[in-house]
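Heads up, the thing below is written out as structure tokens.
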Amino acid sequence: MDTTLNDPIVGHVVDGRYRVDARIAVGGMATVYRALDTRLDRVLALKVIHPSLATDAGFVERFIREAKSVAGLAHPNVVAVFDQGAQGAYVYLAMEYVAGCTLRDVLRERGALQPRAALDIVEPVLAALGAAHRAGFVHRDMKPENVLIGDDGRVKVADFGLVRTVGDVTTTTGAVLGTVSYLAPEQLEDAAAGAGAGVDVYACGVVLYEMLTGRKPHGGETPAQVLYQHLNEDVPRPSAAVPGLARELDALVAAATARDPRVRPGDAVALLALVRAARAALSDAQLDAVPPAARTVSGASGSENRTSVIPRTAPAGADTGRVARTSRLDLPPAPPAAAGPPARHGGRGPRRRRGVVAVVTALVVVLVGAGVWYINSGQFTRVPPLLGQSEQAAKKRLSDAGLDARFDHGYSDAFNRGTVMRSDPAPETKIRGDGPVTLTISRGPKIVQVPGLAGLPLADAKAALTKAGLSAGLVTSAFDDGTDRGAVISSDPGAGERVRPDKAVALTVSKGSAVDVPDVTGEDVDDATSDLDDAGLKAKVTPQRVQSDEDAGTVARQSPGEGGQLAKGDTVTLTVSKGPKMVAVPDVTGRSADDARTRLEDAGFTVKVKHSFPFIDDTITEQSVDGGDKAPEGSTITIKTDGL
């Protein structure tokens, strides 16, 4: 039976634009449909969050805010977001429709994949995540269900719109196991802290392991068992499950799934570089090795299994949030008829009395039923869904429902200025009589002014930003003659500029006045220290001594060297010379000039040849340092040839 027939949204046009043709997938947070954009005449996927969540203004605001962020992420391996909107109880995203299947479908059908196929899938996934990481946000829910493989072979990452933590996963055991299998240890220990790019790197390592072996690295009958293993056990080597698998693939999985996030590659871009290096190191035979868990598939694979962005849960139309209730009124049995002929009282016989009893009984049933209805429903009115509607439209709808409207205002990044961003009580809540409903109307994004920070110490500048509702971003240092060391020179955006409160303000902090570092190499240590002190710098002499061309006891080298710049009061490190290294000079007299040169150069000397006049032959008769004596390594030895 086609369960989409029971879906109330199928066949309707949402927001006057998107005609919903079929349901693709159902999950704990949203339902995904195949729809037609009637304005642009293109097929797309429409993700509609469940009405129970649509009443949560905080959830809706986060959903819309993050969808806007993803919409700005133009990457060929990310499912594109085209539009976002709300109509009554429907809050939706219009997204790119990818005809094909998910990586989960492929693994379910084929088991393990050959290393070449696994790397062909993980590379575009990492490219998509890398673009997201460099743009400043993290997926946090990477798993095979969110990797889409199109009929044309394209690989795309889906479901950037909803960031989920352990507490957000669905409550069915299968769904929980399917999610926690890919969560990094830091997400399990502290969901708020586990928000860096490393959680996506870890998940990709687990997905790669599953593609190579056909199974998850940690198993268990309950989520708690899987959680425990992720926290206390390393992901095993893929080659333990697939004998003969290349060691490079073991190393790749181990690097990505290190339990300490500081040991993992910094983000997806760094992991992608490791993947490409591993691929380059593998032979064709290693890349095309067929794992034991691989299954042969005949015919087309997966082309009819349409994209599943959200894992399927309850069947269509199931309303798990309601409990059927029945009411029954039991009437006492009628008294038995008296024996003998019926008595007459004023001409009113038994038939008349029975009619009166029937009327009274009917009245009792009606009155009791009306009382039950009044107690359960009649005295209450449901607050209609109003999120995203204009102030006037929301006020009219409340009035039509017999409810009074009160208004408040607040800032919101998700709801347009002048639209309802929150209602109190929440939509679908029952309230007694014509009780008032407070609607919070969006003023649009909150805009704040960057305070003047020049001249403030860094700590005071950060406090001023926090007080203004802003935060400090990248802090860099620069020399500045007019600003005290440690104080702010400038900010970006600058003082007085109006920005949104989530904008990070970059600060440039003064290193003080610049001091040119003098050259003190070759000087006595005391003289060098005095020269640096005169320049406003400090000297630090290392205990290590080195051999150099400089005389023993003098400065062999300095850091930084001549031409560098430091702030006044900074330190220059000095290394003292032990003098040059002394090397024994070979005796080359009686040898040819070429042979003598070679022997002296091999001993570490520079050679200068002088020919006597008139030149007779090239036999060496003299050398500037006698054979057997020592001379500084690298010094010049002069040799002379024979003459008259």
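A few points about this structure:
- Sorted fewest first by neighbouring Cβ atoms within 10 angstrom, Thr641, Thr429 come out as Thr429, Thr641.
- Restricting the GluC sites (Glu not before Pro) of segment 1-103 to loop positions (DSSP other than H, G, I, E, B) with no more than 16 neighbouring Cβ atoms within 10 Å leaves nothing.
- Close amide H contacts of Gly100 (hydrogens built in the peptide plane, cut-off under 5 Å, sequence separation of 5 or more or a different chain): Asp151, Thr307.
- Spin-label pair Lys581/Val475, simplified geometry with 7 Å Cα→Cβ offset, distance in nm: 4.5 nm
- Net +/- balance of residues flanking Glu123 in space, Cβ distance below 9 Å, scoring K and R +1, D and E -1: +1
- Difference of contour (0.36 nm per residue) and Cα-Cα distance, Ala135 to Ala74: 20.9 nm
- Proximal lysines to Lys395, defined as alpha-carbon separation beneath 18 angstrom and excluding residues fewer than eight positions away on the same chain: Lys430
- Modelled FRET efficiency - R0 30 Å, Asp400 with Arg42, Cβ distances, 0.05 increments: 0.25
- Cα-Cα over 30 Å, subset of Lys68/Lys467; Lys143/Lys467; Lys156/Lys462: Lys143/Lys467; Lys156/Lys462
- Relative packing of peptides 198-205, 452-459, 267-274, 384-391 - highest average C-beta neighbours within 10 Å first: 198-205, 384-391, 267-274, 452-459
- FRET efficiency, Asp629 to Asp531 (Cβ-Cβ, R0 35 Å, nearest 0.05): 0.45
- Modelled label positions at Val541 and Ala459, each set 7 Å beyond Cα in the direction of Cβ, lie 3.6 nm from each other.
- Sorting Asp618, Asp141 by the number of Cβ atoms found within 10 Å of their own Cβ, with the fewest placed first, yields Asp618, Asp141.
- Calculated FRET efficiency for the pair Arg108/Glu233, C-beta based, R₀ 41 Å, to 0.05: 0.95
- Label-point separation in nm, Arg247 to Ala99, each point 7 Å along Cα→Cβ: 4.7 nm
- Gained length - Asp617 relative to Glu497, 0.36 nm times residue gap less alpha-carbon distance: 34.6 nm
- For segment 100-287, the normalised intensity computed at q = 0.08, 0.09, 0.12 Å⁻¹ comes to -0.22, -0.28, -0.51 (log10 of I(q)/I(0), Debye sum over alpha carbons, equal scatterers, no solvent).
Every read-out reported here was derived from the displayed coordinates using simple, explicitly stated rules and does not represent laboratory data. Please read all numbers here as calculations on a predicted model, not as lab measurements. Quick reminder, even Gly has a Cβ in these numbers, built from the backbone with ideal geometry, and neighbours come from all protein chains shown.
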